[in-house]
Amino acid sequence: MEKILDIVEAIAHEKGLKPENVKEALKTAFIQTAKKIINQKFAFEAVLNSQTKTIDLIQTITVVADDDERLQDEEIAPAYISITEAREYDDQVELDDQLQIPHDLEEYGRTAASTLHREIEYHIQRLIEDDIFNKYKAKIGTLVTGRVTRVDNNNATYIEVDEVRAVLPMKSRIKGEVFKVGDHLKAVVRRVNMDKENGIQIELSRTSPKFLEELLALEVPEIADGTVVVEKSARIPGERAKVALISMHPQVDAVGATVGVKGVRINAVSQELIGENIDCIEYSNIPELFISRIMSPAIISSVEIIKDENGEAQKAVISLSSDQKSKAIGKNGINIRLASMLSGLNIELLESDKSSQNSELGEQKESVDALKALFN
């Protein structure tokens, strides 16, 4: 325990921790050791001694009145002393003074040394785990790359990401994907939990819209530098996705920059997503215009936004011709589902063929009447 503070810098450097945090962990280790070896109910304080480069262990006792209720509480009584008893040792003490009794763990032999060693290991490990937990908590929704180390019987894929092992559950894997040990893959951090039994648990995802957005940022420099912003995105993993884009620069075409020359950028992203088709749409804050765009490839006649009594948009009623309805719905309803996800509204399709036929008949009648008037 001699010059124990000399190891602080070494531990901090080796484990990538802040020296101040390591010092606090060591102080906690000393206090916990003292409680286990000396007395669990004593109030201890660990003080850094910069001159001797050691940690001084001090038991603190607070002076209280003779009738103080805390003296009767078995749990906390050892941390207090009545003023009458305290003045038997020092007749100058006053209420709320703190008596300090130094302790030396070396006097307690090998038991104290081994206990202190275990406590230091434990608290440094907790410090490392907290540091990793906070690091990956801040990475939720961001892209990470790792190597597959194991695939279990439930098809959960375990991936080594830097200093931790993360898991990609089967539900967060794109349909048709198969991974084997040694494969390198990309995913986004979906959830980070701390469990006392299992430690840090990091869950990854390749099916969330955020994964698509992160891949786009990786392939499209304009998105990475903020010139083009992904305003909204929606996916049906492995099948189709829609991305609403907005340009922050008047001379940059958001859709063109994202698609790239001959589709090279968007194709690279699609390839990572196992051939997922990606529709790039220019975002608009006008709901009717935005919905008409996200219904592509269907050509619609009109959009009406239905609002509730509070003025909140609830539903979009889309009028379109019957030959466009199948396009609007899409295969297995994919197009309309994505449009609903992207807009956040329920979408109702209304065929407008009857009105268009009446309009055509009216136009034909007017044409006939015009011809009659001409020849008469």
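The values are calculated or read from the model by the stated rules, or taken from the named source; none is laboratory data. From a predicted model like this one, the values you see are computed outputs, not experimental measurements. So basically every Cβ, Gly included, is an ideal-geometry build from the backbone, and we count neighbours across all protein chains shown. The protein model used for the area step is the full one, side chains on, heavy atoms only, and it has no ligands, DNA or RNA in it. Shrake-Rupley method; radii C 1.70, N 1.55, O 1.52, S 1.80 Å.
When you filter the trypsin sites (Lys or Arg not before Pro) in the range 1-93 for DSSP loop state and at most 16 other Cβ atoms inside 10 Å of their Cβ, you are left with Lys3, Lys41, Lys53, Arg87. Among Thr227, Thr157, Thr60, which one shows the biggest mean-square fluctuation in a GNM of the chain, springs joining Cα atoms closer than 10 Å? Greatest mean-square fluctuation among the candidates belongs to Thr60. Note on the chain: with a GNM built from Cα contacts shorter than 10 Å, the maximum mean-square fluctuation among Ala234, Ala138, Ala113 falls on Ala113. What angle, in degrees between 0 and 90 and rounded to the nearest 10, separates the Cα long axis of helix 334-343 from the longest principal axis of the Cα atoms of the chain? Value to nearest ten degrees: 60.
Amide H contacts for Ser321 (H built 1.01 Å from N in the peptide plane; partners 5 or more residues away or on another chain; cut-off under 5 Å): Ser301, Ser352. Inter-label distance, Glu163 to Val181: 2.6 nm, where each label sits 7 Å from its Cα along the C-beta direction.
Accessible area per residue, 1.4 Å probe, Å², for the range 1-53: what's the number?
Numbers: 3220 Å² over 53 residues.
Result: 61 Å² per residue.
Selection among Ile200, Gly146, Phe179 by position relative to the dipole of the chain gives Phe179 as farthest towards the positive end (Cβ unit charges, Cα centre). About its Cα centre, the dipole of the range 238-325 is roughly 260 debye, where the only charges are +1 on Lys and Arg Cβ and -1 on Asp and Glu Cβ. Ordering Ala86, Leu168, Ala316 by the projection of their Cα atoms onto the charge dipole of the chain, which places +1 on the Cβ of Lys and Arg and -1 on the Cβ of Asp and Glu, puts Ala316 at the extreme positive end.
With Cα atoms defining each centre, the range 140-194 and the range 85-136 are spaced 42 Å apart in the structure. According to the calculation over all Cα-Cα pairs in the range 80-159, the P(r) per 5 Å bin from zero is 3, 10, 9, 8, 9, 9, 10, 9, 7, 6, 5, 4, 4, 4, 1 %. Each Lys and Arg adds +1 at its Cβ and each Asp and Glu adds -1 at its Cβ; summed about the Cα centre, the range 1-109 shows a dipole of about 880 debye. The phi torsions of the range 158-170, fed into the Karplus equation with coefficients 6.51, -1.76 and 1.60 and a -60° offset, translate into couplings of 9, 10, 8, 10, 6, 9, 10, 10, 10, 10, 10, x, 4 Hz, rounded to whole numbers, with Gly and Pro shown as x. Summarising the strand pairing of the range 217-315, around 60 percent of its internal DSSP beta bridges are antiparallel.
Share of the chain's accessible area from carbon and sulfur, percent, 1.4 Å? Each step should come with its number before you reach the end.
Values: 10510 of 22280 Å².
About 47 percent, which is the carbon plus sulfur part of the accessible surface.
Centre-to-centre separation between the Cα atoms of the range 210-283 and those of the range 1-78: 55 Å. Taking the chain as a Gaussian network of alpha-carbon nodes connected by springs under 10 Å, the highest mean-square fluctuation of the residues Gly275, Gly330, Gly16 belongs to Gly16.
Please name which of Ile37, Ile291, Ser114 has its Cα lying farthest along the dipole of the chain towards the positive end, using unit charges on Cβ (Lys, Arg +1; Asp, Glu -1) and the Cα centre as origin. Projecting each Cα onto the dipole axis, the largest value belongs to Ile291. In plain terms, the chain from Ile299 to Ala268 could stretch by 8.3 nm, reckoned as 0.36 nm per residue minus the Cα-Cα distance.
Please return the longest range in the chain lying between exposed loop sites, taking GluC sites (Glu not before Pro), DSSP loop only, at most 13 other beta-carbon atoms within 10 Å, and leaving the sites out. Before the final figure, lay out the partial values.
Details: sites that count: Glu2, Glu74, Glu75, Glu88, Glu94, Glu163, Glu197, Glu309, Glu312.
Longest gap between qualifying sites, sites excluded: 198-308.
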